[in-house]
1. Out of region 40-55, which residues are surrounded by 13 or more Cβ atoms within 10 Å (Cβ to Cβ) and closer than 18 Å to Thr68 by Cβ?
2. Does Arg119 qualify as being of a type outside the set (Phe, Trp, Tyr), within 19 Å of Leu30 (Cα to Cα) and surrounded by fewer than 15 Cβ atoms within 10 Å (Cβ to Cβ)?
3. Filter region 81-116 down to the residues that are of a type in the set (D, E, K, R) and either farther than 14 Å from Glu28 by Cα or under 12 Å from the mean Cα position of the chain (by Cα) (or both) and list them by number.
4. So which residues in region 17-39 are surrounded by 14 or more Cβ atoms within 10 Å (Cβ to Cβ) and assigned to a helix (DSSP H, G or I), if there are any at all?
5. Would you mind telling me which numbered condition in (1) modelled with pLDDT of 95 or more; (2) within 28 Å of Arg125 (Cβ to Cβ) Val72 fails?
6. Out of everything in region 62-80 that is under 16 Å from the mean Cα position of the chain (by Cα) and surrounded by 13 or more Cβ atoms within 10 Å (Cβ to Cβ), what residue ends up being farthest from Leu33 (Cα to Cα)?
7. Could you please let me know if Ala127 is surrounded by 13 or more Cβ atoms within 10 Å (Cβ to Cβ) and not in a loop (DSSP other than H, G, I, E, B)?
Amino acid sequence: MSRPLSDHDLRRDALGQMARAPAALMAEALPDLPPHDLLRAPQTGTVMVRGRIGGTGAPFNLGEMTVTRASVRLTATGTVGHGYVQGRSREHALRAACADALGQDDPAALRAIIAPLARAEAAARAAAAAAAASTKVEFFTLVRGEDE
């Protein structure tokens, strides 16, 4: 049985979900932006991606990744939201920031925004797993008579 997410866990998971979602799907999930003021207009830059040897060993620099970030303050409530997304989509980062701010005031609204994103991600992962499973090879050994 899974426990319900705290608001902090929900926000963390939602920010990750919105960052991984395709920009077009994010636009469908939040078609109309709430009235807001830009604290940080969408900016594109790079971040260093780090890995670990064997998944748990010593860290190393894997390479750089392009990201776009934005910060907004909702006009109605003054709540501040932030959005970081992979790539150069300024609109995607702005939508993620607005959704983050909305979710801090109303977690149910955030759940409604990320629900279709989570379903699409789960479907994409299932399709990738099915494609990988179709290439699985089963090995077996025949018993020869002299081995008895």
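1. Arg40, Pro42, Thr44
2. yes
3. Arg88, Arg90, Asp100, Asp105, Asp106, Arg111
4. Those that are surrounded by 14 or more Cβ atoms within 10 Å (Cβ to Cβ) and assigned to a helix (DSSP H, G or I): Gln17, Met18, Ala19, Arg20, Ala23, Leu25, Met26, Ala27, Ala29.
5. Status for Val72: all satisfied but (2).
6. Val67
7. no
The values are calculated or read from the model by the stated rules, or taken from the named source; none is laboratory data. Please read all numbers here as calculations on a predicted model, not as lab measurements. With ideal geometry, Cβ positions are generated from the backbone for all residues, glycine too; neighbour counts draw on all protein chains shown.
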